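**Student:** Take a look at the following structure, please.
The values are calculated or read from the model by the stated rules, or taken from the named source; none is laboratory data. Every value quoted in this text rests on a predicted model; they were computed, and no experiment measured them. Counting neighbours? That spans all protein chains shown, and the Cβs are built from the backbone with ideal geometry, glycine included.
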Amino acid sequence: ASADIGVTGLAVMGSNLARNFARHGFTVALHNRTTAKTDALVEEHGDEGNFIAARTAEEFVAALERPRRLVIMVKAGEATDAVIQEFAPLLESGDVIIDGGNAHFADTRRREKELRERGIHFVGVGISGGEEGALNGPSIMPGGSAESYESLGPLLERIAAKAKDGTPCTTHIGPDGAGHFVKMVHNGIEYADMQLIAEAYHLLREVAGYSPAQIAEIFTTWNTGRLDSYLIEITAQVLAHTDAATGKPFVDVVADQAEQKGTGRWTVQIALDLGVPVSGIAEAVFARSLSGHGGLRAASRDLPGPSVATLGEAEAAAFADRVEQALYASKIVSYTQGFHQIQAGSETYDWDIDLGAVASIWRGGCIIRAAFLDRIRSAYDSRPDLPSLLSDKQFSDEIGAAQDDWRSVVATAVEHGVPTPGFSAALAYYDALRAERLPAALTQGQRDYFGAHTYRRTDREGSFHTLWGGDRSEVSTD
Ligand code: NBP
């Protein structure tokens with residue numbers, strides 16, 4: 001046995017991850033259900049490092065040094081369970097199974113528990129950065145036991161992306177499903193970020209009358225400032241691209257129906273279970289879903305909208321500056337909501353997640369990497385019990401400075417009939433948090449009226465009910 005680590009499941013992600021390990025000097029055992037893929041990998045990339053190709057599960061396990069470290073990179077769901085069933089009987093106490101697929105964290109919790117009872121460490125690992133990241137350095141979010149990280153961590157730190165200051169973009173997130181949970185919320189934030197960028201584009205196009213090429217330039221400029229991020233950078237490239245077949249802007253020949261694989265939906269489903277208001281992520285998921293209802297949209301095309309003229313050239317430039325403010329403020333809110341969800345998950349499942357460390361490992365390798373994450377990291381590092389990102393002085397000052405423009409952009413969007421669910425939801429969240437009193441008091445009154453659900457008072461302890469159907473006197477229900 002001489003392999004430092006093994007990878008089973010050699011589709012695009014597994015192959016690239018195996019090559020990444022090998023390029024960093026690790027000997028990597030390879031296995032795939034269809035052995036032709038193993039052969040192809042060795043044939044095409046065998047010269048990049050030390051690989052041991054295994055044809056059977058037994059050969060694969062025998063190739064691994066103990067304690068064995070075995071990465072599963074197969075299709076998430078039933079395939080993962082099938083592979084675990086195949087390998088677990090061949091392993092020994094202290095060995096580590098690593099699931100790098102996009103598993104639901106609840107599945108990871110179940111698998112971890114089952115394998116722990118058999119003495120095997122099971123580490124659910126969130127990996128972000130797509131194929132390119134897997135090969136050249138992803139952001140890696142491992143869960144599982146602290147003991148397993150001792151064995152696995154040094155390898156992950158070698159292959160992970162490095163932030164600008166050289167820190168590896170991986171850390172032990174927390175026990176059992178913590179890594180996959182954080183990866184899920186990462187993807188939810190990614191949905192929200194993409195939606196906000198899409199709304200900014202839509203406003204610049206519809207309200208200010210800019211062309212995709214002009215908007216590409218605006219995004220390129222934004223990318224030199226506080227919005228500096230991978231997603232803004234690629235947005236500029238997509239908008240600047242011309243379709244070869246028609247000569248039209250690429251964005252105008254792509255069908256406007258966004259698809260999704262499900263991690264955004266999971267984020268919202270779990271947020272509902274945890275009672276965390278992630279309205280920005282939810283609006284992003286719904287916006288993709290609405291775009292996909294082609295029939296409904298076609299049937300609604302004749303609904304009346306406002307008749308407002310596109311802005312003139314001079315106004316357009318000032319409007320673009322305001323959109324930058326609105327985008328930045330809304331982005332702060334999305335991250336505030338996402339980190340709230342991680343905090344809530346951490347409390348519910350006893351994960352003790354370090355939020356500053358999460359921000360730190362998202363600084364490189366992953367889709368939401370952004371200069372902005374450095375600031376989130378310092379906000380949590382200087383105050384780990386920060387109730388919310390919006391309580392950080394620097395963020396609250398910035399959002400305070402942006403708010404007039406943010407409101408003006410949302411108002412303009414409404415006047416022009418351009419949908420901005422992300423911007424609007426973020427602003428509503430901000431205003432709701434700020435409010436001295438919310439109409440929730442009235443909601444409680446209604447609930448007490450029709451369902452005797454009781455209410456608490458602002459001036460006295462206890463629980464009360466008003467006899468709405470009788471003399472409307474108040475009774476204590478404690
Ligand atoms: P796929 O998700 O397309 O899975 C293909 C692999 O699963 C092949 O190796 C296939 O073996 C194997 N497999 C299947 Br399907 N059923 C199996 C079974 N019952 N037993 C054993 N092996 C089985 O590959 P991928 O796109 O490379 O993604 C791998 C994992 O990484 C997924 O969980 C994905 O969600 C996750 N992920 C993907 C990305 C991305 O950008 N693509 C990013 C981050 C995470 P075969 O060759 O014999 O059919």
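**Student:** On the basis of being under 24 Å from Gly280 (Cβ atoms) and either outside any helix (DSSP H, G or I) or out of contact with any Cys (no Cβ under 6 Å at 6 or more places or on another chain) (or both), does Gly209 make the cut?
**Tutor:** No, not satisfied.
**Student:** Just a yes or no: is a residue in segment 121-136 modelled with pLDDT of 95 or more, away from the ligand (no atom under 16 Å from the Cβ), in a strand (DSSP E or B) and touching a Ser or Thr at 6+ places or on another chain (Cβ under 8 Å)?
**Tutor:** Yes, there is a match, as at least one residue in segment 121-136 is modelled with pLDDT of 95 or more, away from the ligand (no atom under 16 Å from the Cβ), in a strand (DSSP E or B) and touching a Ser or Thr at 6+ places or on another chain (Cβ under 8 Å).
**Student:** Could you count how many residues in segment 153-167 are closer than 15 Å to Phe21 by Cα, crowded, with 17+ Cβ neighbours inside 10 Å and touching a residue at least 60 places away in the same chain (Cβ under 8 Å)?
**Tutor:** Of the residues in segment 153-167, 4 are closer than 15 Å to Phe21 by Cα, crowded, with 17+ Cβ neighbours inside 10 Å and touching a residue at least 60 places away in the same chain (Cβ under 8 Å).
**Student:** Inside segment 21-60, can you point out the residues that are within 13 Å of the ligand (Cβ to nearest atom) and within 21 Å of Arg158 (Cβ to Cβ)?
**Tutor:** Passing the criteria: Leu30, Leu41.
**Student:** From Glu114, Glu86, which residue is more than 27 Å from the chain's Cα centre (by Cα), at pLDDT 95 or above, away from the ligand (no atom under 16 Å from the Cβ) and assigned to a helix (DSSP H, G or I)?
**Tutor:** Glu114
**Student:** Collect the residues in segment 1-21 that are of a type in the set (A, V, I, L, M) and either modelled with pLDDT under 95 or in a helix (DSSP H, G or I) (or both), keeping them in residue-number order.
**Tutor:** Ala1, Val12, Met13, Leu17, Ala18 - these are the residues of segment 1-21 that are of a type in the set (A, V, I, L, M) and either modelled with pLDDT under 95 or in a helix (DSSP H, G or I) (or both).
**Student:** Please go through segment 89-111 and give me each residue that is within 12 Å of the ligand (Cβ to nearest atom), more than 23 Å from Ala22 (Cα to Cα) and among the acidic types (Asp, Glu), ordered by number.
**Tutor:** Result: Asp107, single match.
**Student:** Kindly evaluate Asp404 against the criterion of being farther than 30 Å from Leu311 by Cα and either assigned to a helix (DSSP H, G or I) or of a type in the set (A, V, I, L, M, F, W, C) (or both).
**Tutor:** no
**Student:** Conditions first: (1) in a helix (DSSP H, G or I); (2) of a type in the set (Gly, Ala, Ser); (3) more than 10 Å from the ligand (Cβ to nearest atom); (4) within 33 Å of the chain's Cα centre (by Cα). Ala79 passes all but one, so which condition is the exception?
**Tutor:** (3)
**Student:** Separate question: Please tell me if Thr235 is surrounded by 19 or more Cβ atoms within 10 Å (Cβ to Cβ), out of contact with any strand residue (DSSP E or B) (no Cβ under 9 Å at 6 or more places or on another chain), within 24 Å of Ala318 (Cα to Cα) and free of Cβ contacts under 8 Å to residues at least 40 places away in the same chain.
**Tutor:** Judged against the criteria, Thr235 is a match.
**Student:** Right, something else. Test of understanding: among Ala200, Ala216, which residue is buried (at least 24 other Cβ atoms within 10 Å of the Cβ) and either of a type outside the set (Gly, Ala, Ser) or touching a Leu at 6+ places or on another chain (Cβ under 6 Å) (or both)?
**Tutor:** Ala200
**Student:** Go through Arg66, Arg55, Arg33 for me and flag whichever is surrounded by fewer than 24 Cβ atoms within 10 Å (Cβ to Cβ), in contact (Cβ under 8 Å) with a residue 60 or more places away in the chain, among the basic types (Lys, Arg) and not in a helix (DSSP H, G or I).
**Tutor:** Arg66
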